Amino acid sequence: MRPRILTGDTPSGRLHLGHWVGSLENRVRLQDEYDCFFLLANVHGFTTRADRPEDVRRDTLEIVKDWLAVGIDPERSTFVLQSEIPAIAELSWYFAMLLPFNRVMRNPTLKTEIELKGLGDHYSFGFPLYAVGQCADILTFRATLVPVGEDQVAHIEMCREVARRFNWTYCGIDPQTVDEDHVRAGGLFPIPSALVGRVGRLPGTDGKHKMSKSLGNVIYLTDTAQEIKKKLSGLYTGRQSMTEPGDVNNALFQYVRAFIKEPARVAELEDRYARGDRLGDGHVKVEVAEAIDALLAPMRERRAALEGEAGDRRVLELLREHTARANALAEETLRLAKQAMRLDFGGRTLGLG
Ligand code: ATP
Ligand code: MG
């Protein structure tokens, strides 16, 4: 049996280059080595879009198309539609009892998101609860590995704490047990690890914040060559002339390293830019745009085949099939968890439509 991966995306928009370097690339690469479960966090989509159900639905379908376009194979990997997996919602409740309230509210990722997304003090009760829900997403599939961007590491740490605490409290695991030995010692949940991508935090085209669906500073995986060029040309570096020594850690050069494939060319660009050797930002931007376009062109092509109503039908069909597959494992985990919690009162069978 292969070890399992669980990771995913929230339908708060379509997928972008940050997703590719932070997580998607690893997902595509690890499909054979791991039994992969990829989550559409559509319930969590409502944490910031409770008043926009149509948008959540549309982006859920769009993300599946993006996944197929980047090379996620629905024969090898399973798509998990969060709203159709009741075990996740049930486990979220039980796990909420294993986490001190203040521990959740201190989570640095939540704090940053509240600030960046301008949620002020009017976010819903469900917003911080999503961090607990995410522990349930991962543990429902008893995943050992979670490929994510850097911003998610704090969430995974919380998930590790929940898994340990569950195993200590309900499975009789000695608190001295090292993480790797929890399952061998009789714990239900493996203690999962985060796998951060090649670039843990890709900046957005504002040159400042993390590239993020909610911030509108993104290059979408579906963008055309022209759109990519235009977005990059607006990237501010603050540099005045091509003879001024440039900062090779600015957003533009993070893109250079992320997307230009030839290491020798990257080194040459870095060297000339740092010395102010007549290398203009405009020139670097064109080269980066070409590299990004070369990456995205085959994705755009695969995605074109999924446009329109026929594409939507194919996606809905896949989701129905995969929901049954995902629920088979999720229900087993829930049954085992409830057994450990002495909540085994006869069990149930889900009528899976
Ligand atoms: P939102 O703005 O709604 O939070 P997002 O753009 O941050 O959306 P998510 O669905 O929250 O996207 O994240 C999905 C996955 O992609 C996570 O593993 C996250 O860490 C990763 N990711 C998102 N943005 C970036 C980025 N700029 N660089 C690296 N990884 C990223
Ligand atoms: Mg995010």
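Just list whichever of K208/K229; K213/K261; K111/K261 have alpha carbons separated by over 30 Å in the model shown. It would help to have the intermediate numbers written out before the result.
Working: K208/K229 18 Å; K213/K261 25 Å; K111/K261 35 Å.
Flagged as over cut-off: K111/K261.
Net length available on complete extension from E262 to Y236 is 6.9 nm, with 0.36 nm assigned per residue and the Cα-Cα distance removed. For the chain, C36, C171 stand unpaired, since no other cysteine beta carbon lies under 4.7 Å from theirs.
Near C36, the amide H atoms lying under 5 Å from its own belong to I5, T78; only residues 5 or more places off or on other chains count, and H is placed 1.01 Å from N.
Report, as a whole number in µm² per second, the diffusion coefficient that Stokes-Einstein gives for the stretch 15-130 at 37 °C and 0.692 mPa s using the Kirkwood radius over alpha carbon pairs. Write out the running numbers ahead of the final one.
Numbers: Rh = 16.1 Å.
Stokes-Einstein gives a translational diffusion coefficient of 203 µm²/s.
If you plug the beta carbon distance of V248 and V286 into 1/(1 + (r/R0)^6) with R0 = 25 Å, you get a FRET efficiency near 0.90.
Considering only DSSP states other than H, G, I, E and B, which trypsin sites (Lys or Arg not before Pro) in the stretch 246-353 qualify as loop sites with at most 15 other Cβ atoms within 10 Å?
Passing sites in the stretch 246-353 are K261, R278, R342, R348.
Looking at the stretch 113-185, which chymotrypsin sites (Phe, Trp or Tyr not before Pro) are DSSP coil and have at most 10 other C-beta atoms within 10 Å of their C-beta? Walk me through the intermediate numbers first.
Numbers: sites: Y123, F125, Y130, F141, F166, W168, Y170; in loops: Y123, F125, F141.
Listed in order of number, the matching sites are F125.
Taking only protein heavy atoms into account and a 1.4 Å probe, give the accessible area per residue of the chain in Å².
Numbers: 16770 Å² over 353 residues.
So the chain comes to 48 Å² accessible per residue, rounded to a whole number.
Stokes-Einstein D for the chain at 37 °C, 0.692 mPa s, Kirkwood Rh over Cα pairs, in µm²/s? Mind showing how you got there, number by number?
Numbers: Rh = 21.7 Å.
So the translational diffusion coefficient is about 151 µm²/s.
Dividing the alpha-carbon radius of gyration of the stretch 94-240 by 2.2 N^0.38 Å (N being the number of residues), what value is obtained? Walk me through the numbers before you get to the answer.
Values: Rg = 19.1 Å, N = 147, 2.2 N^0.38 = 14.7 Å.
Taking N as the residue count of the stretch 94-240, the ratio is 1.30.
For the stretch 236-264, the residues whose backbone nitrogen is under 13 Å from a point 7 Å from the Cα of R272, taken along Cα to Cβ, are 242-243. Taking the 1.4 Å solvent-accessible surface of the chain as the whole, the part contributed by carbon and sulfur is 52%. Per the Debye calculation on the stretch 222-304 with a single equal scatterer at every Cα and no solvent contribution, log₁₀ I(q)/I(0) for q = 0.12, 0.15, 0.17 Å⁻¹ amounts to -0.35, -0.53, -0.66.
Note on the chain: GNM, Cα springs under 10 Å; of T169, T323, T222, the largest mean-square fluctuation is that of T169.
Please go through the stretch 230-330 and write out the chymotrypsin sites (Phe, Trp or Tyr not before Pro) that DSSP classes as loop and that have at most 15 other C-beta atoms within 10 Å. Don't skip to the answer; put the middle values down first.
On the way: sites: Y236, F253, Y255, F259, Y273; in loops: Y236.
Within the stretch 230-330, the qualifying chymotrypsin sites (Phe, Trp or Tyr not before Pro) (loop, at most 15 other Cβ atoms within 10 Å) are Y236.
When all protein chains stay in place and ligands, DNA and RNA are ignored, the 1.4 Å accessible-area order of L91, L119, largest first, is L119, L91.
The values are calculated or read from the model by the stated rules, or taken from the named source; none is laboratory data. All of these numbers come straight from a predicted model, not from anything done at the bench. Reconstructed Cβ throughout: ideal geometry from the backbone, glycine too, with neighbour counts over all protein chains shown. Accessible surface areas use protein heavy atoms only, side chains included; no ligands, DNA or RNA. Shrake-Rupley method; radii C 1.70, N 1.55, O 1.52, S 1.80 Å.
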